[in-house]
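Heads up, the thing below is written out as structure tokens.
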Amino acid sequence: AEAIRLTDILASHPIGQSPETSALLALLHLHSARLTARQDGAGGLLLLEEQDRGLWDAGEIEVGLSWLAKSAAGDVFTRYHAEAAIAAEHCLAPTFHETRWDKVVEYYELLEQVAPSALHRLNRAVAVAELHGPARGLAVLDGFHPPTWLAGSYMWMAVLADLHRRSGDVDAASGYREMACQLAPTAAVKQVLERRLRIDRGSPP
């Protein structure tokens, strides 16, 4: 809320009235609209596909979309434009499986062009896996050597565990799952990882 307030001030000042500011406001509103649905009644974290989309703030989503439309003025394209476009796709999708993953992948590719980051590549791999399957998601990461801050993080391990699990490589998935849970920064994150990455060796993936 404070970030939105400060960016509103920036957007209302002649110096700060720019497509980049509008895109940042769009991103903030689109994220804020979904905050209340990210935890269950006991305070546990909920994955995007688990969230009750009826709890998302439709009014704030509309505000975010209006700022996103305003950000299209001119020929400026920034990381905030790409990130807000990704957030908009999630907000507009009726269900997780009806998300336009082709658009999400496209926007992540653009994001990597304007703001190269190993984390953006990891996120693109996740989106590619939703669009084309886990093997294609793993291919995005094949031969990629992440920086140490990411390679030693629960995020990197969790994505590899999930993609290998969904590909049917139980042994690799189990190893990455164990490391992801060990690296989890909080008990809530560890709990959601254990739930998401549960492996049943007696059943097909």
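The values are calculated or read from the model by the stated rules, or taken from the named source; none is laboratory data. In this text the structure is predicted, and so the values were computed from the model without any measurement. Reconstructed Cβ throughout: ideal geometry from the backbone, glycine too, with neighbour counts over all protein chains shown. Heads up: the accessible areas ignore ligands, DNA and RNA and are worked out on the full protein's heavy atoms, side chains in. Shrake-Rupley method; radii C 1.70, N 1.55, O 1.52, S 1.80 Å.
Structural remarks
- Relative contact order (percent, whole number), the range 20-99, Cα cutoff 8 Å, 6+ residue spacing: 44
- Taking each residue as 0.36 nm, the span from H13 to R38 lengthens on full extension beyond its C-alpha to C-alpha distance by 5.7 nm.
- Taking the C-alpha atoms only, the angle from helix 101-114 to the longest principal axis of the chain is near 70 degrees.
- Rg/Rh ratio calculated on Cα atoms of the range 71-169 (Kirkwood radius): 0.99
- If R0 equals 35 Å, the separation of the Cβ atoms of A69 and H132 corresponds to a calculated FRET efficiency of about 0.70.
- Most mobile of T78, T36, T21 in a GNM of the chain (Cα contacts under 10 Å): T36
- Highest-MSF residue in the chain out of L150, L193, L25 [GNM, Cα springs under 10 Å]: L150
- Note on the chain: helix-only mean residue ellipticity at 222 nm, from DSSP H runs of 4+ residues weighted -39500 (n - 2.57) and normalised by residue number, equals -20000 deg cm²/dmol.
- Taking the Cα atoms of the range 1-117, the ratio Rg/Rh between the radius of gyration and the Kirkwood radius comes to 0.99.
- Calculated diffusion of the range 1-64, Stokes-Einstein form, Kirkwood radius summed over Cα pairs, 10 °C and 1.306 mPa s, µm²/s: 123
- Gained length - A1 relative to R53, 0.36 nm times residue gap less alpha-carbon distance: 16.7 nm
- Accessible-area value, E20, 1.4 Å probe, nucleic acids and ligands omitted, Å²: 80
- In nm, spacing of pseudo-spin labels at T95 and D171 (7 Å Cα→C-beta vector): 3.7
- Contact order normalised by residue count of the range 1-148, Cα under 8 Å, 6+ apart, percent: 19
- Rounded to the nearest 10 Å², the accessible area of F144 at probe 1.4 Å: 50
- Probe 1.4 Å, all protein chains present, accessible-area order of S18, S66, largest first: S66, S18
- For E109, solvent-accessible area (1.4 Å; no DNA, RNA or ligand), Å²: 80
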